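Trainee: Just dropping this structure here.
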Amino acid sequence: MLRYRWTAPLVGAAPALIQQVNDRWPGQNTAAPPDNSQSLTRTIALPGNITAGNSIVIQVCHFNSATSPGGTVSFADNLGNTFPAATGRVDDLDASANMSLYLFFMPRITTGGAQTITATFPYLEWQSLLVMEWSGLANQAPLDWNGSVQTSTTTASDFLTTGNIVGGSNAGIFIGQCLNGTDQNTANGGGVGSPNVGTGFTAVNSGTTNWSGIENSFVGPACQPEYLYSTNLGTRAMTYTPKKAAESYVSIGMALKAA
């Protein structure tokens, strides 16, 4: 399943989401293509040419195991850009999920053009990628990141949180995602879907990225990315609202400085 959107660059100093593309393979090895396309590498291409000087943010959901949680995910592209290691990773070792979330940030791409990114995974199962091009970000590493594993006990607004992320007095963005790790739970209704974005945050896309369940179970959206721009980031927790009580969630986010 492949979704993408492209928009013209926005004029102004604030960071802007230029384009995005997401793809997933939820481990359905008895399903029809593309859900049965087992591979340790996945290739994804942004729909429009990237602009030199803009930045790339990648969010990853991936299966892990209790003996080797998460493993290492790495990236290369056709333009010769060097991708750094993950900014942050959160592991959910719950037996019903065993998922890891990763954040990758490449500031200020040096070579523009048509970009094809290849991800290499340690395990075959349950992979998803969301790749975003952003303008207006500083040429430096993320200011801070945080993550959390939570089991919701209420459906109150913004109950879910990444934990505090320190952005300081800088202008910039908070960006992250939250994954519903037990959405295949038929006892809890099944097919609950991804959490809602928190108050004041903006959804990165309407399709949402997806790992979505154990073998041959519910395969609907389960993961919601979001962001927030501020002229003074301060210290903030990225928040989400669960769709249903008793679901298990994993969330991660980071603060990026504006140019």
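Trainee: Would region 198-215 turn up any residue that is under 21 Å from V57 (Cα atoms), at pLDDT below 80 and in contact with a Phe, Trp or Tyr (Cβ under 6 Å, 6 or more places away or on another chain)?
Mentor: Yes - at least one qualifying residue is present in region 198-215.
Trainee: Right, another one. Among all residue pairs at least 6 apart or on different chains, which show Cβ distances below 8 Å where the first residue, located in region 125-147, is farther than 17 Å from V166 by Cα and in contact (Cβ under 8 Å) with a residue 60 or more places away in the chain and the second is among the hydroxyl-bearing types (S, T, Y) and surrounded by 21 or more Cβ atoms within 10 Å (Cβ to Cβ)?
Mentor: S128/T209; L129/T209; L130/T209; E133/S55; W134/S55; S135/S55
Trainee: Could you name every one of the strands (runs of 3 or more DSSP E) located completely within region 46-144 that has at least 2 residues being under 16 Å from D23 (Cβ atoms), within 15 Å of the chain's Cα centre (by Cα) and at pLDDT below 90?
Mentor: Values: elements: 55-63, 74-77, 88-92, 99-106, 116-120, 127-135.
Where strands (runs of 3 or more DSSP E) fall fully within region 46-144 and carry at least 2 residues being under 16 Å from D23 (Cβ atoms), within 15 Å of the chain's Cα centre (by Cα) and at pLDDT below 90, they are 55-63, 127-135.
Trainee: I want to confirm something. Restricting to region 145-173 and keeping residues that are modelled with pLDDT under 95 and of a type in the set (A, V, I, L, M), which single residue is surrounded by the fewest Cβ atoms within 10 Å (Cβ to Cβ)?
Mentor: Top of the filtered list is A156.
Trainee: Then there's this: Which pairs have Cβ atoms under 7 Å, sit 6 or more apart or on different chains, and link a residue in region 224-237 that is touching a residue at least 60 places away in the same chain (Cβ under 8 Å) to one that is hydroxyl-bearing (S, T, Y) and assigned to a strand (DSSP E or B)?
Mentor: P225/T209; Y227/T202; A237/T161; A237/T162
Trainee: Collect the residues in region 133-178 that are among the aliphatic types (A, V, I, L, M) and more than 19 Å from I252 (Cα to Cα), keeping them in residue-number order.
Mentor: If we filter region 133-178 for residues that are among the aliphatic types (A, V, I, L, M), which is where we start, we get 137-138, 141, 143, 149, 156, 160, 165-166, 171, 173, 175.
Answer for region 133-178, where residues must be among the aliphatic types (A, V, I, L, M) and more than 19 Å from I252 (Cα to Cα): L137, A138, A156, A171.
Trainee: How many residues does region 145-158 contain that are assigned to a strand (DSSP E or B) and among the β-branched types (V, I, T)? Lay out the reasoning, then the answer.
Mentor: First pass over region 145-158, keeping only residues assigned to a strand (DSSP E or B): 145-151.
Now narrow it down to the ones that are among the β-branched types (V, I, T): 149, 151.
Matching residues across region 145-158 total 2.
Trainee: Run G176 past the list (1) modelled with pLDDT of 90 or more; (2) outside any strand (DSSP E or B); (3) closer than 17 Å to C61 by Cα and report the number of the one that doesn't hold.
Mentor: (2)
Trainee: Is it the case that region 93-107 has a residue that's under 21 Å from L143 (Cα atoms), in contact (Cβ under 8 Å) with a residue 12 or more places away in the chain and surrounded by fewer than 17 Cβ atoms within 10 Å (Cβ to Cβ)? Even if it seems obvious, please write down each step before you answer.
Mentor: Of the residues in region 93-107, the ones under 21 Å from L143 (Cα atoms) are 101-107.
Checking the rest, the ones that are also in contact (Cβ under 8 Å) with a residue 12 or more places away in the chain come to 101-107.
After this cut, where a residue has to be surrounded by fewer than 17 Cβ atoms within 10 Å (Cβ to Cβ) as well, the list is none.
No - not one qualifying residue is present in region 93-107.
The values are calculated or read from the model by the stated rules, or taken from the named source; none is laboratory data. Source: prediction; values computed, not measured. So basically every Cβ, Gly included, is an ideal-geometry build from the backbone, and we count neighbours across all protein chains shown.
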